[in-house]
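Participant: Just dropping this structure here.
The values are calculated or read from the model by the stated rules, or taken from the named source; none is laboratory data. Please read these numbers as outputs of a predicted model, since none were measured by experiment. Note that each Cβ is placed from the backbone with ideal geometry, even for glycine, and that neighbours are counted across all protein chains shown.
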Amino acid sequence: MSKKKESSNVIRLAHGAGGVLQEELIQFITKNIPYKNVNNGIGVEELDDGATIPLSNYDKEIVITADGHTVYPLFFPGGDLGKLSVCGTVNDLIMMGAEPLALTSMIIIEEGFLFETLEKIVNSMNSIAKKANIAIIAGDTKVMPRGTLNEIIIATTGIGIKDKKIKILDNRLKAGDKIIITGSIGDHGTALMASREGLNISTDLKSDISLLLEIHNVIKYEINNNFIHAMKDPTRGGIAAALNDWAVKSYVSIWIDEERIPLKKQVTAICDMLGLDPYNIASEGRALIAVDPEHSKKVLEKIKSTEIGKDAEIIGEVKLDNPKRVFLKTIVGGTRFIDMPLGEPIPRIC
């Protein structure tokens, strides 16, 4: 068997990295699932941040999301595996317009892992769950033989609830919608990469990892009245993957202004040093929000009134021409495509 043919028959690291290859892997896994939703709710086929189970004879629906966390190193500037596992899951519920209620947690540990390190991770999980006012109600723990797992991974399920009338989905962008980013991009992936052994990069940059509850709470009126059409946290694949996902699913084009995108100097410098594109780098405490144009300035004001959203900006808008593409209006006056990345360039960032 040739190397080329062999490589097409195996799972590569990039298949879990939030880009084109991950979409192929997800399609492979899900194509033969017999029942893909419950009560005609959002399910596997929509490939959104979560799924919904509409409750018969009630005006509510349950929102469920699942997430696996394999970050390396386990402790990084601004966060750790425990904090990431709660923030990432809660934020996915929020991106569906849901009120987070509870989590389940599955912890898989390599033989030889230190109880002292496990305690730090679990304490971090508990602290963030308390801050989010959500319960950890069930879970499972497994231990793998030494050498069959790299230290520890955590898989979580998030459970929330929302009104059926709230429709915040990847396929609901409309012409004229304004695109808001709630803060600087790429902080998480870049800070994590800089902290890895062997790179010797000196920086004060920290991960942006945080709960998006504060932002959710100040824009509830707009959420409840469907002035917000879509929300997405740009994790694996960064804003490039998130925006392309929106453009394809909503059959629109998205036009982004380079001058308006919040980007820290440290992120630019590290990306330049490592040959990375900051638009492809993960954030873990940011949200992209597509808002009805008449309400966009008000939404922006509310987000900027929060500590986590003080650097928020309107970075672009939605159009009907040239659908399924994302365009960047550059600082020098040109225009270029922002393509869907093949995969997250930094492995094990979430």
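Participant: Against the definition (over 17 Å from the mean Cα position of the chain (by Cα), of a type in the set (A, V, I, L, M) and in the same structural domain as residue 308 (by TED's automatic domain parsing)), how does residue 219 come out, yes or no? Can you show your working first?
Facilitator: Values: over 17 Å from the mean Cα position of the chain (by Cα): yes; of a type in the set (A, V, I, L, M): yes; in the same structural domain as residue 308 (by TED's automatic domain parsing): yes.
Against the criterion (over 17 Å from the mean Cα position of the chain (by Cα), of a type in the set (A, V, I, L, M) and in the same structural domain as residue 308 (by TED's automatic domain parsing)), residue 219 qualifies.
To keep it simple, each residue is scored yes or no on (1) touching a helix residue (DSSP H, G or I) at 6+ places or on another chain (Cβ under 9 Å); (2) under 25 Å from residue 193 (Cα atoms).
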site: 257; (1), (2): no, no
site: 263; (1), (2): yes, yes
site: 270; (1), (2): yes, yes
site: 276; (1), (2): yes, yes
site: 292; (1), (2): yes, no
site: 302; (1), (2): yes, no
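Okay, residues lined up against (1) touching a Pro at 6+ places or on another chain (Cβ under 6 Å); (2) among the basic types (Lys, Arg); (3) under 19 Å from residue 175 (Cα atoms):
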site	(1), (2), (3)
245	no, no, yes
252	yes, no, yes
262	no, no, no
271	yes, no, no
324	no, yes, yes
332	no, no, no
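Participant: Can you name the residue in region 303-334 that is in contact with a Lys or Arg (Cβ under 6 Å, 6 or more places away or on another chain) and either acidic (Asp, Glu) or modelled with pLDDT under 95 (or both) and, of all such residues, is nearest to residue 263 (Cα to Cα)? Give the derivation first.
Facilitator: Taking region 303-334 and keeping what is in contact with a Lys or Arg (Cβ under 6 Å, 6 or more places away or on another chain), we get 304, 310, 312-315, 317, 328.
Within this subset, residues satisfying the condition of being either acidic (Asp, Glu) or modelled with pLDDT under 95 (or both) are 313, 317.
On the way: 313: 11, 317: 19 Å.
Among them, the one singled out is 313.
Participant: Kindly indicate the residue of region 225-265 that is part of a strand (DSSP E or B) and not aliphatic (A, V, I, L, M) and also nearest to residue 314 (Cα to Cα) among those meeting that condition. Working first, answer last.
Facilitator: The first filter runs over region 225-265 and keeps only residues part of a strand (DSSP E or B), leaving 228-232, 253-257.
Applying the additional criterion that residues be not aliphatic (A, V, I, L, M) yields 229, 232, 253, 255, 257.
Numbers: 229: 15, 232: 15, 253: 16, 255: 11, 257: 9 Å.
Across region 225-265, the extreme among qualifying residues is 257.
Participant: Condition check: touching a residue at least 60 places away in the same chain (Cβ under 8 Å) and either closer than 22 Å to residue 231 by Cβ or in the same structural domain as residue 133 (by TED's automatic domain parsing) (or both). Does residue 93 satisfy that?
Facilitator: Numbers: touching a residue at least 60 places away in the same chain (Cβ under 8 Å): yes; either closer than 22 Å to residue 231 by Cβ or in the same structural domain as residue 133 (by TED's automatic domain parsing) (or both): yes.
For residue 93, the condition - touching a residue at least 60 places away in the same chain (Cβ under 8 Å) and either closer than 22 Å to residue 231 by Cβ or in the same structural domain as residue 133 (by TED's automatic domain parsing) (or both) - is met.
Participant: Pick from 331, 349: which is surrounded by fewer than 19 Cβ atoms within 10 Å (Cβ to Cβ) and assigned to a loop (DSSP other than H, G, I, E, B)?
Facilitator: Values: 349 fails: surrounded by fewer than 19 Cβ atoms within 10 Å (Cβ to Cβ).
None of the others qualify; the one that does is 331.
Participant: Continuing with this model, one more query. What single numbered condition from (1) in contact with a Cys (Cβ under 6 Å, 6 or more places away or on another chain); (2) within 14 Å of residue 178 (Cβ to Cβ) fails to hold for residue 295?
Facilitator: Single failed check for residue 295: (1).
Participant: Next up: Check whether at least one residue in region 301-312 is among the polar types (S, T, N, Q) and more than 25 Å from residue 222 (Cα to Cα), and report yes or no.
Facilitator: Applying the first criterion (among the polar types (S, T, N, Q)) to region 301-312 yields 305-306.
Retained after the next criterion (residues that are more than 25 Å from residue 222 (Cα to Cα)): none.
No; the residues of region 301-312 include none that is among the polar types (S, T, N, Q) and more than 25 Å from residue 222 (Cα to Cα).
Participant: Follow-up. Which is in the same structural domain as residue 302 (by TED's automatic domain parsing), surrounded by fewer than 18 Cβ atoms within 10 Å (Cβ to Cβ) and in contact (Cβ under 8 Å) with a residue 24 or more places away in the chain, of 278, 262?
Facilitator: Checking each option against the conditions leaves just 262.
Participant: Quick test for you: out of 207, 305, pick the one residue that is within 19 Å of residue 76 (Cα to Cα) and hydroxyl-bearing (Ser, Thr, Tyr). Working first, answer last.
Facilitator: Numbers: 305 fails: within 19 Å of residue 76 (Cα to Cα).
It is 207.
Participant: Sticking with this structure for a sec: Do we have any residue at all in region 209-232 that's among the charged types (D, E, K, R), without any contact (Cβ under 8 Å) to a residue 12 or more places away in the chain, out of contact with any helix residue (DSSP H, G or I) (no Cβ under 9 Å at 6 or more places or on another chain) and surrounded by fewer than 22 Cβ atoms within 10 Å (Cβ to Cβ)? Explain how you work it out, then say what you get.
Facilitator: Our first condition is that a residue be among the charged types (D, E, K, R); within region 209-232, this holds for 214, 220, 222, 232.
Those left that are additionally without any contact (Cβ under 8 Å) to a residue 12 or more places away in the chain: 220.
Keeping just the survivors that are out of contact with any helix residue (DSSP H, G or I) (no Cβ under 9 Å at 6 or more places or on another chain) gives 220.
Narrowing further to those that are surrounded by fewer than 22 Cβ atoms within 10 Å (Cβ to Cβ): 220.
Scanning region 209-232 turns up at least one residue that is among the charged types (D, E, K, R), without any contact (Cβ under 8 Å) to a residue 12 or more places away in the chain, out of contact with any helix residue (DSSP H, G or I) (no Cβ under 9 Å at 6 or more places or on another chain) and surrounded by fewer than 22 Cβ atoms within 10 Å (Cβ to Cβ).
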